[in-house]
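Following: one structure in structure tokens, then a few remarks.
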Amino acid sequence: MEDRYPHREIEKKWQEFWQKSKLMKMAPSSAKPKFYCLMMFPYPSASLHVGHGRNYIIGDAVARFMKMRGYNVLAPMGWDAFGLPAENAAIKNNVHPKDSTANNIKKMKSQLYEWGVLYDWGREISSSNPDYYKWTQWLFLKLYHKGLTYKKEASVNWCPGCRTVLANEQVINGACERCASQVKQKKLKQWFFKITDYAQRLLDDLELLKEWPERVKIMQRNWIGRSEGSFIDFKVEGMNKTLSCFTTRPDTIFGATYMVLAPEHPFVGEIIKGSPEKVRINDFLEKIKGQSSFDRQFGQVEKEGIFSGRYVINPVNNEKIPLWIANYVLFEYGTGAVMAVPAHDQRDFEFGNKYNLSLQVVIDDPGCDLEASSMSCAFEGEGELVNSARFNGTGSKEAKEEIALWMQKNNMGKKTINYKLRDWLISRQRYWGAPIPIVYCDKCGIVPVKEENLPVELPHSIEFRPSGVSPLQDNKDFINTACPACGGPARREVDTMDTFVDSSWYYLRFLSPDNAEKAFDVEMVNKWLPVDQYIGGVEHAILHLLYSRFITKVFCDMGFVGFKEPFERLFTQGMIIKDGAKMSKSKGNVVSPDKLIADYGADTVRVYTLFIGPPEKDAEWNDRAVEGAWRFLNKVWKTAGSLLKSAAPEIRDEKLIKRLKKKSNEVIKKVTLDMEGSFHFNTAISSIMELVNEIKSVMDKQAKIDIESGYSNEGKKDYKNLKAAVESTVILLSPFAPHITEELWQALGNKASIFEKKWPEYDELILKEGFIPVIIQINGKLRSKIELARGSDEASLKTAALNDEKIKSYLKGKEIKKIIVIPDKLVNIVLV
RNA sequence: GGGCGAGUGGUGGAAUGGCAGACACGUGGGACUUAAAAUCCCAUGGCUGAAUAAGCCGUGUGGGUUCGACUCCCACCUCGCCCACCA
């Protein structure tokens, strides 16, 4: 019992020390190279579980490691403090979001403190603080004046039960997450950021992000969704009107046998006017409106449509084709109108089949003869064009280009590029967010608030009961204001900004968190950014990272920052799973760190969390396995303790000295490479475990030798060999288990913090010393092993292998075909 | 439907063309103890075998490349994640 390490005392002692000495404080005037290590700032929810901990522990280990590698490290932390949960809690528990947020921040900070996770707390920011959101509003105005902000009518998720607007994440399988009512679409006038202007650059510059995980880049690429194609114009018969559609398959234009409009298409209104089909069409439109956007989007709804009563003219052959309206066409993508080619598009095929629309084969399937009457599905592959006038016989691949150019020349259409990326809807009909700094004046219209009048402060006193409009609407003191242009009476915008706006620029604010004059200090930002290492969950792979990249590019264009991309290197850690599901409060499978830290200490929790598996992958939490980390730390404690108490043997045996030196060097190399590469904490820790096992084994062997030889040297022991190995262990372990290693480091006679110590170098010469094992295979199967000096030549390897007793017995009476020799590694004897 | 990732002992995982199962967890046995816990030591992929002799099998399935494949290529199966009627 006496030997078990007193984690409570030690951890308290060093946490206080680090806080007092401000260990992780960035030194602005340091000559060391900079390293900006950033963890995605969290939303302050009630309390952290061990799953959250993974993110902070990884970041802390990296920050401490880089500090020891000689970098001037910047590791700031802040709070993404606006958002829905606080507002929902306000509705439910009648606590003001400001108070609940403050309480949560307090609790989380104390948890981070107890984990031994260090930040430069002097740079703490909170996005719900007026000092911060003033600049979020400033960002809005900058985009507004640059023409990157506009207002238009758009659909929002509307819960009829709660009478409120929902964020996409709150819509679960088409229903409200709180009351389970079917979510409807409702039209509201909303503010947008024109991120689509940057679509191509956001796509192209992914190439610059060499140190981002490939999968994140692929997700962004898919999200931006660039596709090349053409706009093709169809004249409406009997009307002075042209409908344009977008297609990526101009090669199939001769097979277009009908055209389809999205129900939301503005032309639908014109058709209805004066149409004999008016009632039927209206009924249909009503029905489609009743279908939730979720179902429509996710293809849960059968394709359904109605003939408009109108015809359009296919420009390439002047054929008259019917114009339909159908639920399977998306209004938001392309032009909201598509040319239907049932022979070569599965969706059009299904729809055409249902409504008996005609079908024309225009691409020949090289595999079989396509017969319009007998096709059971569309042929979407490549082949030669048929029934396509002058383009017959052309390959479909070439025809795509040729027909597109030919139509462009003849004013039938235009080559174009389309993106799936939509503009960023930033309006939220919510209270707990940054107010949009816009004023509506009867005389002047939409007027932006003047920069010098920022921030537009959120009023504190508010009625939270959801009523379907922003809660700010009811606050007369807030909405009534003077027009910034004419000074007359005007009303404020009552919507607040999406919290993704807050988090799209926070990494800039950390460089000058208290600056009252500017959003950020340009000189500091240009010195410290891009962020060297960004760490966070893969769930932010698309939105947050895309928005941050967008805002950085906008600021770059305005000359506010001198870089195109905000995050140089990105690491996305996996989730912690418990009982088969992501650890979360709602699933009831959270493991609280508080009790684990009380029982085993923060170092144990940290080591286990990092040891659990590759950090980029999901991992199953196992409470019992935590004990393994605890046992390991105790083993380190005891091993170092026996040295400190002069109870360990003096390592004198030459062979044992060599073994210790070699293993220490191997492990220094392994841990260093694991940390420098892609954060293989699990194998780094396992190799430190091996080093500790080796030290113990060497100690046991030496003790045995001492007993056998009757050696005794009480009192005056020379521990330089053992001490070197123990010191290596302690240093290598320190980024992962900082408290116990600080304690041991001090006990070993060092004055300064272990984190002021330089990370050890390894000696390649020692690694290359001595004999190495060489494998001998016969026909690729391991048959024997020999030890040879490193660098032995091929001939001696061959001879040694052939003279091996075991191998000899295998070779008796067999004929050797050839021998493969890989120096320092293996000999493979291939038999006939 | 598309994209990405994964599949290795009882479990988490290691090995990225060259000794499969490092390091741990668990389990079994032993030591210590009046006893238990803790700790320490030994064993631990499967099969044949008295064996700590020897051998065979073995990284989701089937094929291929190679002197040699968990690793590379092709096809398939299963699971997970992201996107999804994007014309």
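The values are calculated or read from the model by the stated rules, or taken from the named source; none is laboratory data. The structure presented is a predicted model; accordingly, all values stated were derived computationally and were not measured. Quick reminder, even Gly has a Cβ in these numbers, built from the backbone with ideal geometry, and neighbours come from all protein chains shown.
Out of the residues in the stretch A:198-230 that are away from RNA strand B (no atom under 12 Å from the Cβ) and among the charged types (D, E, K, R), state the one that is nearest to the chain's Cα centre (by Cα).
Checking each candidate, the answer is A:GLU211.
Does the stretch A:598-640 hold any residues that are part of a loop (DSSP other than H, G, I, E, B), over 27 Å from the mean Cα position of the chain (by Cα) and in contact (Cβ under 8 Å) with a residue 40 or more places away in the chain, and which are they?
Within the stretch A:598-640, just A:GLY601 meets the criteria.
Just to be sure I understand, how many residues within the stretch A:791-827 are in contact with an Asp or Glu (Cβ under 8 Å, 6 or more places away or on another chain) and either surrounded by 17 or more Cβ atoms within 10 Å (Cβ to Cβ) or among the polar types (S, T, N, Q) (or both)?
So in the stretch A:791-827, the residues in contact with an Asp or Glu (Cβ under 8 Å, 6 or more places away or on another chain) come out as A:791-792, A:821, A:823.
Filter once more, so that each one left must be either surrounded by 17 or more Cβ atoms within 10 Å (Cβ to Cβ) or among the polar types (S, T, N, Q) (or both): A:792, A:821.
Counting residues in the stretch A:791-827 that are in contact with an Asp or Glu (Cβ under 8 Å, 6 or more places away or on another chain) and either surrounded by 17 or more Cβ atoms within 10 Å (Cβ to Cβ) or among the polar types (S, T, N, Q) (or both) gives 2.
Please enumerate the residues belonging to the stretch A:335-387 that are hydroxyl-bearing (Ser, Thr, Tyr) and at pLDDT below 90. Write out each step before concluding.
Initially, the stretch A:335-387 is screened for residues hydroxyl-bearing (Ser, Thr, Tyr), giving A:335, A:355, A:358, A:373-374, A:376.
A:SER373, A:SER374, A:SER376 - these are the residues of the stretch A:335-387 that are hydroxyl-bearing (Ser, Thr, Tyr) and at pLDDT below 90.
Checking the structure you have, find out if any residue of the stretch A:360-368 is in contact (Cβ under 8 Å) with a residue 40 or more places away in the chain, farther than 23 Å from A:LYS235 by Cβ, outside any loop (DSSP other than H, G, I, E, B) and in contact with a His (Cβ under 7 Å, 6 or more places away or on another chain).
At the first step, the residues of the stretch A:360-368 found to be in contact (Cβ under 8 Å) with a residue 40 or more places away in the chain are A:360-363.
Then drop every residue that is not farther than 23 Å from A:LYS235 by Cβ, which leaves A:361, A:363.
Cutting the leftovers down to outside any loop (DSSP other than H, G, I, E, B) gives us A:363.
Subsequent filtering for residues that are in contact with a His (Cβ under 7 Å, 6 or more places away or on another chain) retains A:363.
Yes, because at least one residue in the stretch A:360-368 is in contact (Cβ under 8 Å) with a residue 40 or more places away in the chain, farther than 23 Å from A:LYS235 by Cβ, outside any loop (DSSP other than H, G, I, E, B) and in contact with a His (Cβ under 7 Å, 6 or more places away or on another chain).
Going by the conditions given, is A:VAL554 part of a helix (DSSP H, G or I) and touching a helix residue (DSSP H, G or I) at 6+ places or on another chain (Cβ under 9 Å)?
Details: part of a helix (DSSP H, G or I): yes; touching a helix residue (DSSP H, G or I) at 6+ places or on another chain (Cβ under 9 Å): yes.
Yes; evaluated as a whole, the condition is true for this residue.
Please enumerate the residues belonging to the stretch A:654-681 that are of a type in the set (Val, Ile, Thr) and touching a Leu at 6+ places or on another chain (Cβ under 6 Å).
Our first condition is that a residue be of a type in the set (Val, Ile, Thr); within the stretch A:654-681, this holds for A:657, A:667-668, A:671-672.
Within the stretch A:654-681, A:VAL667, A:VAL671 qualify.
Within the stretch A:714-832, which helices (runs of 4 or more DSSP H) (wholly inside it) include 3 or more residues that are within 16 Å of RNA strand B (Cβ to nearest atom)?
Because the criterion is at least 3 residues that are within 16 Å of RNA strand B (Cβ to nearest atom), the helices (runs of 4 or more DSSP H) in the stretch A:714-832 that meet it are A:720-733, A:794-802, A:805-811.
So which of A:VAL156, A:VAL165, A:VAL117 is among the aliphatic types (A, V, I, L, M) and modelled with pLDDT of 95 or more? It would help to see each step written out before you state the result.
Working: A:VAL156 fails: modelled with pLDDT of 95 or more; A:VAL165 fails: modelled with pLDDT of 95 or more.
Result of the check over A:VAL156, A:VAL165, A:VAL117: A:VAL117.
Look at the stretch A:389-416 and say how many of its residues are in a helix (DSSP H, G or I), under 14 Å from A:PRO315 (Cβ atoms) and among the aliphatic types (A, V, I, L, M).
4
All but one of (1) assigned to a loop (DSSP other than H, G, I, E, B); (2) closer than 30 Å to A:VAL216 by Cα; (3) charged (D, E, K, R); (4) more than 10 Å from RNA strand B (Cβ to nearest atom) hold for A:GLU650; state the number of the condition that does not hold.
Here A:GLU650 meets the rest and fails (2).
When you scan the stretch A:596-615, how many residues do you find that are surrounded by fewer than 18 Cβ atoms within 10 Å (Cβ to Cβ) and within 9 Å of RNA strand B (Cβ to nearest atom)? Full working, then the answer.
Taking the stretch A:596-615 first, the residues surrounded by fewer than 18 Cβ atoms within 10 Å (Cβ to Cβ) are A:598-599, A:613-614.
After this cut, where a residue has to be within 9 Å of RNA strand B (Cβ to nearest atom) as well, the list is A:613-614.
Count: 2.
Out of all the residues in the stretch A:300-332, which are aromatic (Phe, Trp, Tyr) and more than 16 Å from RNA strand B (Cβ to nearest atom)? Walk me through how you get there before you give the answer.
First pass over the stretch A:300-332, keeping only residues aromatic (Phe, Trp, Tyr): A:307, A:311, A:324, A:328, A:331.
Scanning the stretch A:300-332 gives A:PHE307, A:TYR311.
Among the residues of the stretch A:223-233, is any in contact with a strand residue (DSSP E or B) (Cβ under 7 Å, 6 or more places away or on another chain) and closer than 30 Å to A:PRO437 by Cα? Show your work before the answer.
Let us first name the residues in the stretch A:223-233 that are in contact with a strand residue (DSSP E or B) (Cβ under 7 Å, 6 or more places away or on another chain), namely A:226-233.
Still in the list and also closer than 30 Å to A:PRO437 by Cα: none.
No - not one qualifying residue is present in the stretch A:223-233.
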